[in-house]
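Each remark here refers to the structure printed beneath this line.
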Amino acid sequence: MPSLSVIIPTIGRATLKAALASLRRQLTTQDEVIVIGDGEQRDAALMFAASGLCGWYIHTQHDQHDWGNSQRNYGMERARGEYLLFLDDDDIYLPGALDKF
């Protein structure tokens with residue numbers, strides 16, 4: 001069972017790559033990342049696949065356009081971690097941030 005589940009709603013922005021990189025340096029192999037597209041986001045799926053992080057990319061069936069709220073809820077229902085963290089696709093966690101959690 002993962003300790004942390006990081007849920008990232010995305011609209012496929014290029015900044016997702018930096019968000020994922022900020023996690024790669026901090027998560028353990030027991031943690032999971034769930035990237036959830038607002039509708040199908042092919043670029044986001046490719047960025048996640050290339051990140052090397054444990055977890056998965058999924059997308060909602062219909063574009064919700066509700067600032068990621070539906071995607072966060074969708075991710076919470078599927079998360080297995082003891083603790084849930086949220087990160088937008090245009091943000092990063094600074095080095096050492098997850099140690100504070």
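The values are calculated or read from the model by the stated rules, or taken from the named source; none is laboratory data. Only a predicted model underlies this, so the values are computations on that prediction, with no experimental measurement involved. Note: ideal-geometry Cβ built from the backbone for every residue, glycine included; neighbour counts use all protein chains shown. When the accessible area is computed, the model is the full protein with side chains, heavy atoms only, and any ligands, DNA or RNA have been set aside. Shrake-Rupley method; radii C 1.70, N 1.55, O 1.52, S 1.80 Å.
Here are the numbers for the structure shown:
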item: Residue check for residue 96: touching a strand residue (DSSP E or B) at 6+ places or on another chain (Cβ under 6 Å), small (Gly, Ala, Ser) and closer than 20 Å to residue 4 by Cα; result: no
item: Enumeration of residues in segment 76-95 that are surrounded by fewer than 16 Cβ atoms within 10 Å (Cβ to Cβ) and not basic (Lys, Arg); result: 76, 77, 82, 83, 84, 86, 90, 91, 92, 94, 95
item: Residues of segment 40-49 that turn out to be closer than 15 Å to residue 21 by Cα and open to solvent by 50 Å² or more (accessible area, probe 1.4 Å), as a count; result: 2
item: Filter pass, residue 98 being in a helix (DSSP H, G or I), closer than 18 Å to residue 26 by Cβ, among the hydrophobic types (A, V, I, L, M, F, W, C) and open to solvent by less than 90 Å² (accessible area, probe 1.4 Å); result: yes
item: Members of segment 22-39 found to be open to solvent by 20 Å² or more (accessible area, probe 1.4 Å) and at pLDDT 90 or above, listed by number; result: 24, 26, 27
item: Failed item, numbered, when residue 70 is tested on (1) under 22 Å from residue 99 (Cβ atoms); (2) assigned to a helix (DSSP H, G or I); (3) in contact with a Ser or Thr (Cβ under 8 Å, 6 or more places away or on another chain); result: (1)
item: Enumeration of residues in segment 50-75 that are open to solvent by 50 Å² or more (accessible area, probe 1.4 Å) and over 11 Å from the mean Cα position of the chain (by Cα); result: 50, 52, 59, 61, 62, 63, 64, 65, 67, 69, 73, 74
item: Tabulated pairs, segment 67-82, first within 11 Å of residue 9 (Cβ to Cβ), second surrounded by fewer than 19 Cβ atoms within 10 Å (Cβ to Cβ) and of a type outside the set (Val, Ile, Thr), C-beta under 6 angstrom, 6+ apart or interchain; result: 70/64
